[in-house]
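So the structure is just underneath, and the comments pick up after that.
The values are calculated or read from the model by the stated rules, or taken from the named source; none is laboratory data. Computed from a predicted structure; not experimentally measured. Cβ coordinates were reconstructed from backbone atoms using ideal geometry, including for glycine residues, and neighbour counts include every protein chain displayed. To get the accessible areas, we keep the full protein, side chains included, count just its heavy atoms, and leave off ligands, DNA and RNA. Shrake-Rupley method; radii C 1.70, N 1.55, O 1.52, S 1.80 Å.
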Amino acid sequence: MPNKVLGSFVKKLQRKKVRNKKHRLAVFASGAGSNAKKIIEYFGKSNAVEVALIVCNKPDAGVLVIAEISNIPYILIDKERFFRGDHYIDELKTEEIDFIILAGFLWKLPSELIKAYPNKIINIHPALLPKYGGKGMYGQFVHETVIKAEEKESGITIHFVDELYDHGKHILQVTCPVLPGDTPQILAKRIHQLEYEYYPKVIEEVIMNESASSEE
Ligand code: GRF
């Protein structure tokens, strides 16, 4: 094999070696964690991606029970350190976290953390952004507002995270009907089904695309 060809072959192999390590996700959640659970289950079967860490800001959040049952390490974060300290960036880097996945995480991310993970933080919002997003628009409030506005459609928005609430570049939106007689609870259930179906797959796709383009 000529030297040049051999060189590029070795380079390819070296890259393969690096890629043999799974992409490590930190899932940030503040609540029940049903999306976190689906993401954990989905990547439990993956050779390429793993949920390596759960990050939570509420000691009584359901997601911590899910982390324990799933045997995934978690950290309970402190407000002062998150917003005005090191923002947990060192800890995330020590844990070799590649992507941050927000799944019902209610604190706005500090800009230092966003800068440390450019285009590697993904959020899901239970409505069709840019409508029904922003500060205070979470959980039942979103669905209540959508129903009050007599919308015929709602859905999910999966997007990259930037420094504004619910604002970054959209990756995927999926719609569902808002039906006569819907309560916020009924609509939430319909939307959760969409989230479970699409969020893990979209996360996987983003990671695979990013990893393919960083190898070019
Ligand atoms: C989901 O509806 C998600 O869209 C929003 O927060 C909710 C979290 O629900 N960001 P769960 O804790 O995953 O059940």
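Points to keep in mind about this one:
- Checked across the stretch 118-135, the condition of being aliphatic (A, V, I, L, M) and more than 19 Å from residue 198 (Cα to Cα) holds for no residue.
- Pairs meeting the criteria (first residue in the stretch 199-216 and within 10 Å of residue 49 (Cβ to Cβ) and surrounded by 11 or more Cβ atoms within 10 Å (Cβ to Cβ), second residue modelled with pLDDT of 90 or more and polar (S, T, N, Q), beta carbons under 8 Å, at least 6 apart or on different chains) are 204/46.
- Taking the criterion of being within 16 Å of the ligand (Cβ to nearest atom) and hydrophobic (A, V, I, L, M, F, W, C), the residues of the stretch 79-112 that qualify are 100, 101, 102, 103, 105, 106, 107, 109.
- Any chance residue 115 is closer than 28 Å to residue 59 by Cα, away from the ligand (no atom under 13 Å from the Cβ) and touching a residue at least 60 places away in the same chain (Cβ under 8 Å): no
- Residues of the stretch 169-197 satisfying the condition of being β-branched (Val, Ile, Thr) and open to solvent by less than 30 Å² (accessible area, probe 1.4 Å): 174, 178, 191
- Some residue of the stretch 93-110 being without any contact (Cβ under 8 Å) to a residue 12 or more places away in the chain and either among the acidic types (Asp, Glu) or open to solvent by less than 10 Å² (accessible area, probe 1.4 Å) (or both): no
- Helices (runs of 4 or more DSSP H) (entirely within the stretch 1-80) containing at least 1 residues that are of a type outside the set (A, V, I, L, M) and modelled with pLDDT under 95: 3-19
- Residue check: residue 194 meets all listed conditions (1) over 24 Å from residue 41 (Cβ atoms); (2) of a type outside the set (Val, Ile, Thr); (3) in contact with a Cys (Cβ under 7 Å, 6 or more places away or on another chain) but one, namely (1).
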